[in-house]
1. May I ask you to list the residues in the stretch 178-203 that are touching a strand residue (DSSP E or B) at 6+ places or on another chain (Cβ under 7 Å) and assigned to a strand (DSSP E or B)?
2. Given the condition assigned to a loop (DSSP other than H, G, I, E, B), more than 22 Å from GLY315 (Cα to Cα) and more than 17 Å from the chain's Cα centre (by Cα), answer yes or no: does some residue in the stretch 128-145 qualify?
3. Which ones in the stretch 285-332 are surrounded by fewer than 17 Cβ atoms within 10 Å (Cβ to Cβ) and in a helix (DSSP H, G or I)?
4. Taking the stretch 148-164 as the search range and keeping residues that are in a helix (DSSP H, G or I) and not small (Gly, Ala, Ser), which one is surrounded by the fewest Cβ atoms within 10 Å (Cβ to Cβ)?
5. Go through PHE254, PHE264 for me and flag whichever is outside any helix (DSSP H, G or I), at pLDDT 95 or above and surrounded by 20 or more Cβ atoms within 10 Å (Cβ to Cβ).
6. Test SER30 against the criterion of being at pLDDT below 90, surrounded by 12 or more Cβ atoms within 10 Å (Cβ to Cβ), hydroxyl-bearing (Ser, Thr, Tyr) and not in a strand (DSSP E or B), and give yes or no.
7. Can you pull out every residue in the stretch 207-220 that is of a type outside the set (A, V, I, L, M, F, W, C) and either in contact with a Gly (Cβ under 6 Å, 6 or more places away or on another chain) or farther than 22 Å from ASP232 by Cβ (or both)?
8. Take the residues in the stretch 60-89 that are free of Cβ contacts under 8 Å to residues at least 60 places away in the same chain and surrounded by 15 or more Cβ atoms within 10 Å (Cβ to Cβ), then tell me which one is nearest to TYR176 (Cα to Cα).
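The values are calculated or read from the model by the stated rules, or taken from the named source; none is laboratory data. From a predicted model like this one, the values you see are computed outputs, not experimental measurements. Reconstructed Cβ throughout: ideal geometry from the backbone, glycine too, with neighbour counts over all protein chains shown.
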Amino acid sequence: MFLSSRFSALSDSRKRLILLSLLTVYLGGSCGLLQATRYRAPKPYADIMLQASEQLNTAFGAIKDLRLSLGHPIDKLDDPNETGMIGDLLTDITTTHGILEAKRSAANPNSAAMVTDLLIRCGVKEGDYVACNFSSSFPTLNLATVCALDSIGAHGIIINSVGASTYGANLSDLTYLDMEQELLGKGLIRNHAEWFSLGGAGDVGTGMPEQVTEEIVRRARSHGLSYIHEPDLSANLEIRKEIYAAVPEKPVCFINVGGNLLSFAGAEEKLTAADGIVTEVRSSSEPQGLIPYFFRHGTPVIHLLNMKTLMPANGLPYDPVPLPAVGEGDVYSELRYDRKIAGFLGAGFFILSFLCFRIFPRRHIPL
């Protein structure tokens with residue numbers, strides 16, 4: 001009664017100040033409590049993500065066996081987890097400098113779960129077509145994408161460029177395309193590249209030994225793959241756009257893996273492009289590359305290149321030793337709020353708001 005009479009004796013402006021202060025404190029405390037009581041729960045499609053990771057782990061094992069059978073030992077300094085998915089420093093088909101720690105990070109089988117998550121968040125579902133542009137710098141992420149598409153039941157329209165940066169798929173007798181053929185032969189993947197280029201300077205393998213590139217092209221063609229050899233960048237882009245448009249249904253998503261020349265048509269934007277789901281493409285001029293092309297046509301775009309930011313942002317570690325077990329990592333779960341606490345706090349806010357209107361009827365609310 002005493003507090004009620006004291007409050008009633010206050011001026012309207014003082015009452016308003018007190019009530020607004022109470023509401024502010026209540027809202028701040030509510031937000032803090034909601035944050036403090038958050039918990040992790042499996043994503044609704046965690047089973048699909050896990051399936052992709054298990055498939056990728058099996059694929060990595062098969063590639064490791066193939067590598068060793070070809071006489072390429074594993075350097076435990078470069079590849080401490082002994083995945084067999086780390087290439088050499090310099091080879092005949094090495095194109096540019098790559099970051100070793102990034103290549104090791106991508107050799108985590110759970111990267112397939114990450115790609116699955118990104119694809120599903122972009123709306124990809126069973127039966128959909130997905131346009132894919134693969135360099136060979138991250139064969140691990142290429143295969144992660146393939147396994148993600150397989151697990152979802154989507155169809156990849158995949159174009160691969162053979163050249164790779166340091167520590168990528170840069171062994172001339174074990175290119176990314178060779179890896180795919182090994183996995184196809186063992187029935188370990190369904191999606192695969194059907195078109196390829198040599199990559200590197202001009203996307204035509206400039207600087208690579210002719211004898212080496214001829215053998216790579218011969219092997220790929222013997223498996224029924226179509227060869228893209230077009231030194232003119234604009235014409236090359238048009239060929240790729242036509243390939244992506246020639247499917248029964250419009251691709252619902254575009255995914256770019258690595259720093260292939262055609263991703264940004266050689267523009268400097270590729271160096272600063274955000275990884276993951278692309279929300280903005282900044283350019284000082286009208287870009288011609290595949291990423292801005294699909295983005296400007298309203299197709300969701302996924303860009304996978306900078307592992308140092310991409311992995312932690314998606315619940316995976318950067319350059320871990322040892323690698324996490326399949327199914328391990330925050331990538332499989334999401335933060336949720338306690339519904340009971342949220343309901344209780346919402347009810348409290350409603351009561352406080354109701355009291356405000358009781359004390360200050362609408363026609364008498366002080367302004």
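1. Let us first name the residues in the stretch 178-203 that are touching a strand residue (DSSP E or B) at 6+ places or on another chain (Cβ under 7 Å), namely 180, 191-200, 203.
Listed by number, the residues that qualify are ALA193, GLU194, TRP195, PHE196, SER197, GLY199.
2. Among the residues of the stretch 128-145, at least one is assigned to a loop (DSSP other than H, G, I, E, B), more than 22 Å from GLY315 (Cα to Cα) and more than 17 Å from the chain's Cα centre (by Cα), which makes the answer yes.
3. Once the filter is applied, which keeps residues that are surrounded by fewer than 17 Cβ atoms within 10 Å (Cβ to Cβ) and in a helix (DSSP H, G or I), the stretch 285-332 yields ARG296, LYS308, THR309, PRO312, ALA313, ASP330.
4. Initial filter on the stretch 148-164 (in a helix (DSSP H, G or I)): 148-152.
Filter again for not small (Gly, Ala, Ser), leaving 149-150, 152.
On the way: LEU149: 28, ASP150: 21, ILE152: 24.
Looking at the filtered set, the residue picked out is ASP150.
5. Values: PHE264 fails: at pLDDT 95 or above.
That would be PHE254, the only listed residue that is outside any helix (DSSP H, G or I), at pLDDT 95 or above and surrounded by 20 or more Cβ atoms within 10 Å (Cβ to Cβ).
6. The answer is yes for SER30.
7. Taking the stretch 207-220 first, the residues of a type outside the set (A, V, I, L, M, F, W, C) are 207, 209-211, 213-215, 218-219.
Matches in the stretch 207-220: PRO209, GLN211, THR213, GLU215, ARG218, ARG219.
8. First, the residues of the stretch 60-89 that are free of Cβ contacts under 8 Å to residues at least 60 places away in the same chain: 61, 64-65, 68-69, 71, 73-77, 79, 82, 84-85.
Imposing the further condition that a residue be surrounded by 15 or more Cβ atoms within 10 Å (Cβ to Cβ) reduces the set to 64, 74, 79, 84-85.
Details: LYS64: 13, ILE74: 17, ASP79: 18, GLY84: 13, MET85: 10 Å.
Selected residue: MET85.
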